[in-house]
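Comments concern the structure below.
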Amino acid sequence: MTRKIDLPDIVPIFPLPGALLLPRARLPLHLFEPRYLAMLEDALKTPERLIGMIQPNKVPGRAGHGLQTIGCAGRVTQFSETEDGRYMITLAGVSRFRLLEEVEGFAPYRRARVSWTGFERDQGDEESDSAFNREAFLATLAQYFDAQDLQTDWDSLKEADDELLINSLSMLLGFEPEDKQALLEAPSLSTRRETLMTLIEFAMRGGDDEGVMQ
């Protein structure tokens, strides 16, 4: 069972386009900018060790903080320092959050007041997908990998649990940032799987405008 942790009202946020973190998944990151090294140092001083991953929102003319509304917080579970002062860290996804407002302060990195309401399921046990047709999904995925000239360990994919398979592909495949955001905001694993399949099929059609996700 996933160990629940106390979720603070304010978290440091790391805006990174195309980077997707999902609950119970793991995201490796490479930190080298001084502000993010300071963010890591401060996060490690807290009992939760949380960093909020969120994507920029570059909609033309959009006022406000320039960030998506929904992000996902991860707990720093591993970190190592390189000889030149950079850090390699791993975030374990804890829960999605809704950004309420940015918090001003003296920290060199951005912080935000967030709400965890509506994402209580994220700290629960792994999800399953009862409607998942794994054989058909993997057949389509094989066509996609072939078209994209990608390689993978098919034995591991076949053996992976539903959530690990769907979430890992959602995080790793090279979709556009807005598509990653749609995967993040999917309310259930089955919805995320359907969204993932739509994106894969869209990519295999060569980006035909028909059927583009809105």
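The values are calculated or read from the model by the stated rules, or taken from the named source; none is laboratory data. What you are looking at is a predicted structure, and each value in this text was computed from that prediction instead of being measured. Glycine also receives a Cβ, built like all others from the backbone with ideal geometry; neighbour counts cover every protein chain displayed.
Worth a mention:
- Just one of the listed residues (Glu185, Glu194, Glu163) is surrounded by 13 or more Cβ atoms within 10 Å (Cβ to Cβ), in contact with a strand residue (DSSP E or B) (Cβ under 9 Å, 6 or more places away or on another chain), within 18 Å of Leu20 (Cα to Cα) and of a type in the set (Asp, Glu), namely Glu185.
- Among the residues of region 125-138, the ones that are surrounded by 13 or more Cβ atoms within 10 Å (Cβ to Cβ) and in a loop (DSSP other than H, G, I, E, B) come to 4 in all.
- Arg98 being within 24 Å of Lys180 (Cα to Cα), part of a strand (DSSP E or B) and among the charged types (D, E, K, R): yes
Condition check ((1) on the phi < 0 side of the Ramachandran plot; (2) of a type in the set (Asp, Glu); (3) surrounded by 14 or more Cβ atoms within 10 Å (Cβ to Cβ); (4) in contact (Cβ under 8 Å) with a residue 40 or more places away in the chain) across all residues:
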| position | (1), (2), (3), (4) |
| --- | --- |
| Arg110 | yes, no, yes, yes |
| Arg113 | yes, no, yes, yes |
| Trp116 | yes, no, yes, yes |
| Gln123 | yes, no, yes, yes |
| Phe145 | yes, no, yes, no |
| Leu173 | yes, no, yes, no |
| Glu178 | yes, yes, yes, no |
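Listed here are the residues, each with its yes/no results for (1) of a type outside the set (Gly, Ala, Ser); (2) at pLDDT below 95; (3) farther than 25 Å from Leu183 by Cβ; (4) not assigned by TED's automatic domain parsing to the domain that holds Leu165.
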{"position": "Ile54", "(1), (2), (3), (4)": "yes, no, no, yes"}
{"position": "Leu67", "(1), (2), (3), (4)": "yes, yes, no, yes"}
{"position": "Ala73", "(1), (2), (3), (4)": "no, no, no, yes"}
{"position": "Thr82", "(1), (2), (3), (4)": "yes, yes, yes, yes"}
{"position": "Tyr87", "(1), (2), (3), (4)": "yes, yes, yes, yes"}
{"position": "Glu102", "(1), (2), (3), (4)": "yes, yes, no, yes"}
{"position": "Val114", "(1), (2), (3), (4)": "yes, no, no, yes"}
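- Residue, nearest to Ala25 (Cα to Cα), within region 139-166, restricted to residues that are in a loop (DSSP other than H, G, I, E, B) and aliphatic (A, V, I, L, M): Ala160
This table checks each residue for (1) without any contact (Cβ under 8 Å) to a residue 60 or more places away in the chain; (2) touching a Lys or Arg at 6+ places or on another chain (Cβ under 6 Å).
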| site | (1), (2) |
| --- | --- |
| Leu31 | yes, no |
| Val76 | yes, yes |
| Gly85 | yes, no |
| Met88 | no, no |
| Ser95 | no, no |
| Arg98 | yes, no |
